[in-house]
Amino acid sequence: MWEYITGAIVTPLETFRDVAQKKYWKQGLLLIVVVGLIKGAASVIAARSTPSPFSGLSATEFPFLETLRSMMQSPSFMLSNALLSSILFWFVAGAICFGIARLFKGEGTLGGLLAGFGFASSPNLIGVPLAAVLSLLGSPGMLLSSMISFGTGLWVFVLEILSIRESMGISTGAAVAALLIAFFAFFCALIIFGLILSVGTLFSASGITF
């Protein structure tokens with residue numbers, strides 16, 4: 001598996017074609033799980049040096065916000081949230097990209113696309129831990145951390161485009177369109193879910209029942 005991780009970074013085109021042909025989606029999922037756990041651990045580390053968005057509000061006046069803050073800043077929540085969101089994005093966005101790629105006359109399989117999609121996250125194994133460590137070094141470290149996070153995210157985005165193109169045999173433009181639509185659909189669903197969760201927490205903490 002390690003050779004495919006390094007291959008996704010050094011020789012991505014050959015690697016994505018290979019894992020797609022062999023349908024290594026299970027290995028891709030394993031990598032997504034590892035990356036999700038690393039992101040969760042990085043969130044826990046970053047939370048120690050980042051003030052809560054609710055820190056300026058009174059817990060007496062806004063008790064539900066204190067409940068929400070405690071939940072969102074708990075290590076277990078951060079780890080599970082990062083892990084579940086990584087797996088959900090991998091599968092849901094991958095399935096959407098597969099459907100759109102088929103509309104563009106793509107000739108791959110869902111398992112092959114998910115395999116490439118998983119290994120496209122390989123740069124996160126380097127970028128996420130490095131950004132987390134730098135975030136602990138004060139303002140200069142936070143700046144460097146943000147730059148590395150942006151660069152890693154852009155790198156992964158490009159690799160995801162290449163993985164879609166190589167696994168489905170479509171043009172680069174079609175792969176970009178498929179990924180952008182998948183991003184938009186996934187994050188819209190994520191925002192709606194977040195709003196529902198926040199409202200539910202607010203009602204629960206306020207003792208409001210229906």
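Of the residues screened, G173 is not one that is within 21 Å of V33 (Cα to Cα), surrounded by fewer than 21 Cβ atoms within 10 Å (Cβ to Cβ) and not charged (D, E, K, R). When the stretch 165-210 is limited to residues that are assigned to a helix (DSSP H, G or I), at pLDDT 85 or above and hydroxyl-bearing (S, T, Y), the one that is nearest to G106 (Cα to Cα) turns out to be S167. Selection of first residues in the stretch 121-147 that are farther than 30 Å from T15 by Cα and among the small types (G, A, S) and of second residues that are in a loop (DSSP other than H, G, I, E, B) and at pLDDT below 90, restricted to Cβ pairs under 7 Å at least 6 apart or on distinct chains, gives the following pairs, ordered by first then second residue: S135/S49; G141/S135. For the stretch 157-164, the criterion of being modelled with pLDDT under 95 and closer than 19 Å to V19 by Cβ is satisfied by no residue at all.
Condition check ((1) modelled with pLDDT of 95 or more; (2) exposed (fewer than 14 other Cβ atoms within 10 Å of the Cβ); (3) of a type in the set (V, I, T)) across all residues:
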residue	(1), (2), (3)
E3	no, yes, no
L31	yes, no, no
K39	no, no, no
Q73	no, no, no
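Of everything in the stretch 120-138 that's assigned to a loop (DSSP other than H, G, I, E, B) and over 22 Å from G94 (Cβ atoms), which residue is nearest to the chain's Cα centre (by Cα)? Checked the stretch 120-138; the qualifying residue nearest to the chain's Cα centre (by Cα) is S135.
When the stretch 94-140 is filtered for residues that are among the β-branched types (V, I, T), within 22 Å of Q27 (Cα to Cα) and surrounded by 19 or more Cβ atoms within 10 Å (Cβ to Cβ), only V128 remains. Among the residues of the stretch 103-110, none qualifies, meaning not one is modelled with pLDDT of 90 or more and in contact with a Leu (Cβ under 7 Å, 6 or more places away or on another chain).
The values are calculated or read from the model by the stated rules, or taken from the named source; none is laboratory data. Note that the structure is a prediction, hence the values are computed from the model and not measured. Reconstructed Cβ throughout: ideal geometry from the backbone, glycine too, with neighbour counts over all protein chains shown.
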